[in-house]
Amino acid sequence: MPPHPEPDLTELQRNLGHEFSDPSLLRRALAHRSWCAEVGGEESNERLEFLGDAVLGWVIAELAFRQHTDLAEGKLTDLRKSVVNASALAEVAVEIGIGPCLLLGKGESAAGGRSKPSILSDAFEAVLGAVYLDGGAEAAATMVERLFAQRMASAALRLDRLDYKTVLQELTARRFDTAPVYVISDSGPDHEKRFFATVIVAGQTVGKGEGRSKKLAEQAAAEQAWLELSQPVAH
């Protein structure tokens with residue numbers, strides 16, 4: 001067996017949804033610096049990683065802007081961060097099979113480099129950079145949208161669930177020119193304490209909630225209040 005066997009990239013290209021006109025770009029995107037140091041005369045994937053990082057940021061920002069028109073700038077930023085981070089990118093890399101195709105030095109391979117989140121996430125960005133160079137902006141955007149649209153939708157739902165206090169405050173400021181007031185109580189022993197929250201807007205109780213912490217109780221109360229106040233006003 002040769003010291004550095006070449007991987008078969010057919011399945012990876014299928015998973016990417018892009019067949020390379022110049023397969024050497026994909027090969028370079030998978031070349032870790034540890035492998036390049038051992039074989040000599042090969043360029044690592046670091047420059048492609050730089051390019052792919054920029055492409056990913058642009059495509060995700062545009063997707064977030066187009067698909068989530070209800071989110072304010074701060075939430076768009078949170079949404080982007082939730083899907084563009086080393087852990088999330090490593091998950092995508094595993095799903096499309098980048099790990100087995102990596103060109104790693106013997107030491108890095110023996111140390112489990114094919115499953116290291118940092119190596120996988122960097123390689124994913126490099127592969128995206130290679131797709132961009134090989135197929136252009138449309139090919140890169142299509143690949144990102146296919147791999148990330150559902151993740152972004154799920155992340156947006158989580159953001160909404162976790163932030164009812166903010167959306168309630170925005171709603172009450174807009175409709176009543178006031179902020180919600182939270183009244184907290186608790187019961188039970190310290191190790192099993194339950195918290196209860198009542199949210200009051202313009203002197204009226206509009207929501208109640210409970211939870212294992214003050215924060216959870218307030219969020220539950222804010223959710224109930226937001227659902228109540230966001231209903232159309234009957235005429």
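Read the figures in this text as sums done on the coordinates, not as results from a lab. Since the model is a prediction, treat every value here as computed from it, not as a measurement. We place every Cβ from the backbone using ideal geometry, glycine too, and count neighbours over all the protein chains shown.
Numbers at a glance
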item	result
Ranked 58, 226, criterion: other C-beta atoms within 10 Å, fewest first	58, 226
GNM flexibility winner over the chain from 193, 116, 81 (Cα, springs under 10 Å)	193
Residue order, fewest to most beta carbons within 10 Å, for 132, 182	182, 132
Footprinting exposure proxy for 168, 133 (fewest neighbouring C-beta atoms within 10 Å first)	133, 168
Separation in nanometres of the label points that stand 7 Å from Cα toward Cβ, at residue 230 and residue 8	5.0
Of the DSSP H helices in the chain, those whose Cα atoms cover at least 27 Å axially and whose Kyte score averages -0.5 or more	46-67, 117-162
Estimated inter-spin distance, residue 178 and residue 212, nm [label 7 Å along Cα→Cβ]	3.5
For region 121-200, with +1 on Lys and Arg beta carbons and -1 on Asp and Glu, the positive-most of 124, 137, 164 along the dipole	164
Interchain or long-range residues, amide H under 5 Å from residue 105's placed H	34, 35
Mean separation of Cα contacts under 8 Å (6+ apart) over length of region 164-229, as relative contact order %	29
